Amino acid sequence: GESELERRFGWNMERESLRVPRRLVREIKLTEIIRPFELTRTNNEQKVKALMESIETIGLKVPIDILDVEGKYYGFSGCHRFEAHKRLGK
């Protein structure tokens, strides 16, 4: 059946976690991540709010993808997760 997470947040954490292959995961300050498309892309407000609630409740389960180019971190995907973290002051 449908889990509480599916009912509350609209996604299945077990299924979502399958998307993430084994990669290096580390904590990086949001201020260190350069978002090249931040000014040209708009976020779905409902999704950001749901992610904020989810992150507060169960933490971040799918990391924000970044690309390390000569010590500078660029974020190209995970814009809703990035925005949710930013609003939460994480």
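The values are calculated or read from the model by the stated rules, or taken from the named source; none is laboratory data. Computed from a prediction, not measured in an experiment: that's the story for all the values here. Here Cβ is always computed from backbone atoms with ideal geometry, including for glycine, and neighbour counts include all displayed protein chains.
Ile28 meets the stated requirement of being more than 14 Å from Leu88 (Cα to Cα), surrounded by 13 or more Cβ atoms within 10 Å (Cβ to Cβ) and at pLDDT 80 or above.
Any residue at all in region 48-58 that is in a loop (DSSP other than H, G, I, E, B), modelled with pLDDT of 85 or more and not charged (D, E, K, R)?
no
Here Gly71 does not qualify as among the small types (Gly, Ala, Ser) and modelled with pLDDT under 85. Mind checking which residues of region 61-89 are surrounded by fewer than 17 Cβ atoms within 10 Å (Cβ to Cβ), in a loop (DSSP other than H, G, I, E, B) and on the phi < 0 side of the Ramachandran plot? Residues satisfying the conditions are Lys61, Val62, Pro63, Asp65, Phe76, Ser77.
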